[in-house]
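Shown next, in structure tokens, is the structure this report addresses.
The values are calculated or read from the model by the stated rules, or taken from the named source; none is laboratory data. Predicted, not measured: the structure shown is a model, and the values here were computed from it. Please note: Cβ atoms are built from the backbone with ideal geometry, for glycine as well, and neighbour counts cover all protein chains shown. The accessibility values were calculated without ligands, DNA or RNA, using every heavy atom of the protein model including side chains. Shrake-Rupley method; radii C 1.70, N 1.55, O 1.52, S 1.80 Å.
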Amino acid sequence: ICVDEMASTVTGLNFLLSQTDQEVYHYRPPPDVRPEDPLPPLDQCREFLPRSDSPFPYLLVNIGSGVSILQVLGNGKYERVSGSSLGGGTFWGLSRMLTNCKTFDEVIELTNFGENGNVDMLVGDIYGTDYSKLGLPANV
């Protein structure tokens, strides 16, 4: 059976949004987190979305070997609005070349000891502070 990956992904997320609780969330660090502070654990930053019969519109970011950003306007109504050919596959390939890791889990374990602010461009790097108009703290 041949199925369309994006259509299946959108249909699956629509199901989760409309039929389940405690599955889909916003990532929102506490507002008092300063740019120099490490981000708190995920359980302190998750804001679960309530079940909704009409969760539209929303953006779906699908990260695989590349990245696709889809605008979902309704059941069966979506379009790819952006994306990149760089994604998880690129990350894994670079990790294998730059480290002695043999598995993806080993790479993920290494991330516990790094500081992403040393290599990621953060909102604070661009604006000098948070971007409150969009609710983005400086350390994102």
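What are the residues in region 61-73 that are touching a residue at least 12 places away in the same chain (Cβ under 8 Å) and out of contact with any helix residue (DSSP H, G or I) (no Cβ under 9 Å at 6 or more places or on another chain), if any? Full working, then the answer.
Filtering region 61-73 down to residues touching a residue at least 12 places away in the same chain (Cβ under 8 Å) leaves 62-73.
Scanning region 61-73 gives I69, Q71, L73.
How do the pairs read when you match residues in region 97-113 that are at negative phi with residues anywhere that are assigned to a loop (DSSP other than H, G, I, E, B) and surrounded by 10 or more Cβ atoms within 10 Å (Cβ to Cβ), using Cβ under 9 Å and keeping only pairs 6 or more apart or on different chains?
E106/T99; V107/T99; V107/C101; E109/C101; L110/T99; L110/C101
Do you know which of the residues in region 12-25 that are within 16 Å of L73 (Cα to Cα) and without any contact (Cβ under 8 Å) to a residue 60 or more places away in the chain is nearest to the chain's Cα centre (by Cα)? Outline the logic, then answer.
Of region 12-25, the ones within 16 Å of L73 (Cα to Cα) are 12-18.
From what's left, without any contact (Cβ under 8 Å) to a residue 60 or more places away in the chain: 12-13, 15-18.
Details: G12: 17, L13: 14, F15: 19, L16: 17, L17: 16, S18: 20 Å.
Here the answer is L13.
Check V119 against each of (1) aliphatic (A, V, I, L, M); (2) modelled with pLDDT of 90 or more; (3) under 21 Å from V140 (Cβ atoms) and name the one condition it does not meet.
(2)
So that you can scan it fast, the table gives a plain yes or no per residue for (1) of a type outside the set (V, I, T); (2) in contact with a Leu (Cβ under 9 Å, 6 or more places away or on another chain); (3) open to solvent by 40 Å² or more (accessible area, probe 1.4 Å); (4) within 20 Å of G117 (Cα to Cα):
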residue	(1), (2), (3), (4)
R34	yes, no, yes, yes
C45	yes, yes, no, yes
F48	yes, no, yes, no
L60	yes, yes, no, no
G64	yes, no, no, no
V72	no, yes, no, no
Y78	yes, yes, yes, no
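Hey, can you tell me all the residues within region 26-49 that are at pLDDT 85 or above, of a type in the set (A, V, I, L, M, F, W, C) and either part of a loop (DSSP other than H, G, I, E, B) or more than 18 Å from the chain's Cα centre (by Cα) (or both)?
Within region 26-49, C45, L49 qualify.
Of a type in the set (G, A, S), out of contact with any Lys or Arg (no Cβ under 8 Å at 6 or more places or on another chain), without any contact (Cβ under 8 Å) to a residue 60 or more places away in the chain and not in a strand (DSSP E or B): is that true of S54 in this structure? First the steps, then the outcome.
On the way: of a type in the set (G, A, S): yes; out of contact with any Lys or Arg (no Cβ under 8 Å at 6 or more places or on another chain): yes; without any contact (Cβ under 8 Å) to a residue 60 or more places away in the chain: yes; not in a strand (DSSP E or B): yes.
Answer is yes for this residue.
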